[in-house]
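Notes follow once the structure below has been shown.
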């Protein structure tokens, strides 16, 4: 198979014709309307058919990886936070600076109280589970914050909420 010639022929086809050709070489339909993607996939498949495709070992490994891809990484928005904490394994365990599971951390921010419940793996805020306190602080403020600092778990802030100066050049000035 001459790849360049095949690509040239495919580039002259409409999206509908490419989708039909995709169906011929893959034996299944595609929902994609992206011409470049369809051309790449068709040419790849034609080469794989002509040259023998992947080895048995590579196919087994790909199947193993595909099985792992079924795991959810994000919690559905409608799921109960307690169930989500148990079901979603990739969530990070609470930091050593954070109190044990069940503890509620609170902070006043712009006239409202931000209350976060510490879960065995993650944090619940307004019915949603977050991986970290920083993610919650970012969600609340719209800007990047260190979660431990935002909730007052680390001494980087003074009583008035302003950052303390570092003991470097600024303190000496």
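General remarks:
- Residue that is modelled with pLDDT of 60 or more and surrounded by 11 or more Cβ atoms within 10 Å (Cβ to Cβ), where the choices are 112, 107, 92: 107
- A search for C-beta distances below 8 Å between a residue of the stretch 33-58 that is farther than 18 Å from residue 10 by Cβ and any residue that is at pLDDT below 90 and surrounded by 12 or more Cβ atoms within 10 Å (Cβ to Cβ), counting only pairs 6+ apart in sequence or on different chains, returns 54/48.
- Failed condition for residue 28, given (1) surrounded by 11 or more Cβ atoms within 10 Å (Cβ to Cβ); (2) within 20 Å of residue 52 (Cα to Cα): (1)
The values are calculated or read from the model by the stated rules, or taken from the named source; none is laboratory data. These numbers were taken from a predicted model, which means no experiment stands behind them. Positions of Cβ are generated from backbone atoms using ideal geometry, with glycine treated the same way; all protein chains shown enter the neighbour counts.
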